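So the structure is just underneath, and the comments pick up after that.
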């Protein structure tokens, strides 16, 4: 289908992650680098990791933000918010916007993906639909999610995937059409190096600081980081930002490891404040470990730290080594001694640490800016509309 010649083509993007203003930079770049009229459907509020997030409204004239509150269905006890939500009144919205392209930043087995594709094929049968997947472990889903997944593979037109493993998974599950690996991105003007000495002083950080940003659970490996830091002879401090079920255990372990007075535990902070905290640390560590049914799909905080010219260390779980590339150091997941060695190496050689930081920033500018990712998306849109 080619859009009418008397109007710009219309894009409708559906994404629960768009509740955060910083995650909507993608849509600004698409609008600014194409003729597309961009509409973003996002929830008014979203609960993530037991934290209620209100829609962050930003004054961005590049795209239209459509706020609707999704409903959540339980589906016999299998319901989870990020795969069991749907939007009331979706049909009316599709008739109003009449998009030429619909993209879903939702998994193929989610209720909202099924809802949008079904409504689009009924009301706008010529409109191509794109879905997204980050699931990098093959899993069998219970009904109705297994039904949604099969329906998506039959009726969708294109797939964006976060990495090659995710692409292999959807292929093994029955997807036979085109796909494109499209990583997450970062705004290099927001995530950049700047003086955060006032915040460092406020936090009481004086020496070499090792940072962690993420959920405090087994999969993210925060306990491994504390164990590694406890065995380093050099004077270091820890800045741990996030919430999760291991928070109390992490505090006890820090005390047991002799780090209680050198560790700052900060609850999860608004996304807009993350750059300031990243500029307070000397190295960012993501020590994720693979768990049953769960493996690191990307590690967004890595590119955010690299963009701030902070050297990074990550385990070899999932996609982490591919994200870091030459922009940092990796170690075998779960190997506390190896992680300790990597941290100690950066402390001992500040010049090497600076070189890693510079390589990380260059890697972000080459691979992970929202503008470069948006250009890849736009090329897909044009190909689909030309058919």
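The values are calculated or read from the model by the stated rules, or taken from the named source; none is laboratory data. Predicted model, so just to flag it, every value in this text is computed and none were measured. Here Cβ is always computed from backbone atoms with ideal geometry, including for glycine, and neighbour counts include all displayed protein chains.
Filter the range 171-198 for residues that are in a loop (DSSP other than H, G, I, E, B) and under 18 Å from residue 286 (Cα atoms); which is nearest to the chain's Cα centre (by Cα)? Only one residue tops the list, namely 184.
Take the conditions at pLDDT below 95, surrounded by fewer than 14 Cβ atoms within 10 Å (Cβ to Cβ) and over 23 Å from residue 144 (Cα atoms) and apply them to residue 81. Does it pass? No; evaluated as a whole, the condition is false for this residue.
Note on the range 247-266: residues that are in a loop (DSSP other than H, G, I, E, B) and in contact with a strand residue (DSSP E or B) (Cβ under 8 Å, 6 or more places away or on another chain) amount to 1. Scanning the range 299-310 for residues that are under 22 Å from residue 338 (Cβ atoms) and either out of contact with any helix residue (DSSP H, G or I) (no Cβ under 6 Å at 6 or more places or on another chain) or surrounded by fewer than 24 Cβ atoms within 10 Å (Cβ to Cβ) (or both) gives a single hit, 301. The condition of being free of Cβ contacts under 8 Å to residues at least 40 places away in the same chain and touching a helix residue (DSSP H, G or I) at 6+ places or on another chain (Cβ under 7 Å) holds for only one of 190, 213, 181, that being 181. Checked against the criterion of being surrounded by fewer than 16 Cβ atoms within 10 Å (Cβ to Cβ), without any contact (Cβ under 8 Å) to a residue 12 or more places away in the chain and under 26 Å from residue 30 (Cβ atoms), the range 88-100 contains one or more residues that satisfy it. Of the residues examined, residue 353 is not one that is in contact with a helix residue (DSSP H, G or I) (Cβ under 6 Å, 6 or more places away or on another chain), modelled with pLDDT of 95 or more and outside the structural domain of residue 207 (by TED's automatic domain parsing).
The residue list 65, 104 contains one member that is over 25 Å from residue 145 (Cα atoms), in contact with a strand residue (DSSP E or B) (Cβ under 6 Å, 6 or more places away or on another chain), in the same structural domain as residue 376 (by TED's automatic domain parsing) and at pLDDT 95 or above, which is 65.
Criterion applied to 168, 159, 201 was being under 24 Å from the mean Cα position of the chain (by Cα), free of Cβ contacts under 8 Å to residues at least 40 places away in the same chain and not in a loop (DSSP other than H, G, I, E, B), and the one residue passing it is 168. Taking residues in the range 2-23 that are on the phi > 0 side of the Ramachandran plot, and partners anywhere that are part of a strand (DSSP E or B) and at pLDDT 95 or above, not one pair has Cβ atoms closer than 8 Å while being at least 6 places apart or on different chains. For the range 319-348, taking the residues that are part of a loop (DSSP other than H, G, I, E, B) and touching a helix residue (DSSP H, G or I) at 6+ places or on another chain (Cβ under 6 Å), the one that is surrounded by the fewest Cβ atoms within 10 Å (Cβ to Cβ) is identified as 326. Checking every residue in the range 133-143 against the condition of being closer than 24 Å to residue 303 by Cβ, touching a strand residue (DSSP E or B) at 6+ places or on another chain (Cβ under 8 Å) and outside any loop (DSSP other than H, G, I, E, B) gives at least one match. Here is the figure for the range 286-318: residues that are part of a strand (DSSP E or B) and under 26 Å from residue 352 (Cβ atoms) total 5. State yes or no: is residue 47 over 25 Å from residue 182 (Cα atoms), part of a loop (DSSP other than H, G, I, E, B), in the same structural domain as residue 375 (by TED's automatic domain parsing) and touching a residue at least 24 places away in the same chain (Cβ under 8 Å)? No, not satisfied.
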